[in-house]
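Remarks on the structure that follows.
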Ligand SMILES: NC(=O)c1ccc[n+]([C@@H]2O[C@H](COP(=O)([O-])OP(=O)(O)OC[C@H]3O[C@@H](n4cnc5c(N)ncnc54)[C@H](OP(=O)(O)O)[C@@H]3O)[C@@H](O)[C@H]2O)c1
């Protein structure tokens, strides 16, 4: 029986993780549950799963994440932001596998996380990265030509760029294919999520950003692809349902699931398009960020967090994300020059970048 620590158990990925556990009771059990502040939700889950440990980050502090992973076999990281970084490092140091849905931890701390992989596995739950890792199974890394990261394009892909300034939070929260938490849904609409994913993929698979190509695939059936030097391309396809990558990470093998089978009796049109970086400049931050010191990835991520919040509050216009984030990255680029990436510097620059971005948004849009 595999004991699972679920960090972020009340969110979209957390809830789906618990669904996978319910469906594989013979192999998986809940070891611990951690939410941020949703006490009612946590108590309900405690009643159902009787975990060995449960906690709320907002009440018990970050320490509760460490308490939750101790004694687990695998930890699903489905919290927001970088709060779980220390727990991830602890797991890797102590032979506890990490099923990582959270993108931010790898984006900010890839260079300290990846060298620790070995004693324990780092299993990507993000659907694109899970797909790529499956396409790479049994392959020689030297034969890889490009990673092709698919993108749904979000709700505004076909819209005219001139309308972008008028899009509201309500418009942006309507994702065409996936049902996810609000932060990642906005990231999907701006395509900033692809910037995060390019950086994430670069760390996970040891591939330069220039060899990772974003391909817009509106149907979200192909979850990503790998192109090889012989001209062949492998892809992984499935209905868009996060329970599949979660299950793949937790079980390591093919088992029946609740994911709807693709129906090839029906006409299925799959399209692939170039990413329009003019229209979605946030996506190109995933490449640009490698021109700056590594701690700037934390600045980029933190600045985007504040942008999402201000956009949801109706302060920041939808077409202003890129300028604000780029201004923050440029502002810190010099001071970041000789800064080593550590838990402390990540927290420090996360705080500084958030403060700077709030001020910037206030000056530009708050009055
Ligand atoms: N949703 C998806 O389909 C999907 C796909 C790929 C990757 N991811 C990644 O997975 C992670 C979780 O996404 P999600 O969509 O599941 O998010 P979500 O639905 O917003 O859930 C977030 C979880 O984290 C907790 N949380 C809230 N505020 C927090 C904070 N300030 N610090 C730490 N934890 C906090 C929430 O607890 P409370 O309920 O107590 O607030 C909840 O348990 C993100 O990093 C996202 O990028 C998600």
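No lab work stands behind these numbers, since they all come straight from the coordinates. Bear in mind the structure is a predicted one, so any value in this text is a computation, not a measurement. With ideal geometry, Cβ positions are generated from the backbone for all residues, glycine too; neighbour counts draw on all protein chains shown.
Considering only beta bridges that DSSP places wholly inside the chain, some 30 percent are antiparallel. Does segment 9-94 come out rounded, prolate or oblate, given a ≥ b ≥ c as the square roots of the eigenvalues of its C-alpha gyration tensor, rounded meaning a/c under 1.5 and, failing that, prolate meaning a/b above b/c? Oblate shape, in that a/c is at least 1.5 and b/c is the bigger or equal ratio.
By the Cα gyration tensor, segment 328-367 has an equivalent ellipsoid whose semi-axes, rounded to whole angstrom, run 23, 11, 4 from largest to smallest.
Would segment 252-367 count as rounded, prolate or oblate if I go by the C-alpha gyration tensor, calling it rounded below 1.5 in a/c and otherwise prolate when a/b exceeds b/c, oblate otherwise? The shape class here is prolate. Think of it as helices only: each DSSP H run of n ≥ 4 in the chain is worth -39500 (n - 2.57), and spread over all residues that comes to -13000 deg cm²/dmol at 222 nm.
Relative contact order of the chain, taken over Cα pairs closer than 8 Å and 6 or more residues apart, is 16 percent. Among 216, 226, the order by Cβ neighbours within 10 angstrom, fewest to most, reads 216, 226. Per-peptide packing, taken as the mean over residues of other Cβ atoms within 10 Å, places 285-292, 230-237, 355-362 in the sequence 285-292, 355-362, 230-237 from highest down.
Computed from Cα atoms alone, the Kirkwood hydrodynamic radius reported for the chain is 21.0 Å.
The Kirkwood radius of segment 116-167, taken over pairs of alpha-carbon atoms, gives through the Stokes-Einstein law at 10 °C and 1.306 mPa s a diffusion coefficient of 110 µm² s⁻¹.
Under a Gaussian network description of the chain, with springs only between Cα atoms under 10 Å, the residue in 102, 38, 304 that fluctuates furthest is 38. Each part gets one Cα centre, and for segment 96-169 versus segment 236-315 those centres are 6 Å apart.
Residue exposure proxy: 259, 113, 199, ordered by other Cβ atoms within 10 angstrom of their Cβ from fewest to most, comes out as 259, 113, 199.
log10 I(q)/I(0), Debye, Cα-only segment 223-308, no solvent, q = 0.21, 0.22 Å⁻¹? Calculated log10 I(q)/I(0) at the listed q: -1.11, -1.11.
Who wins for biggest fluctuation among 144, 222, 88 in a Gaussian network model of the chain, springs between alpha carbons below 10 Å? Checking each option, the largest mean-square fluctuation is seen for 144. Each residue of segment 126-290 gets 134 Å³ once the volume of the Cα convex hull is shared out per residue.
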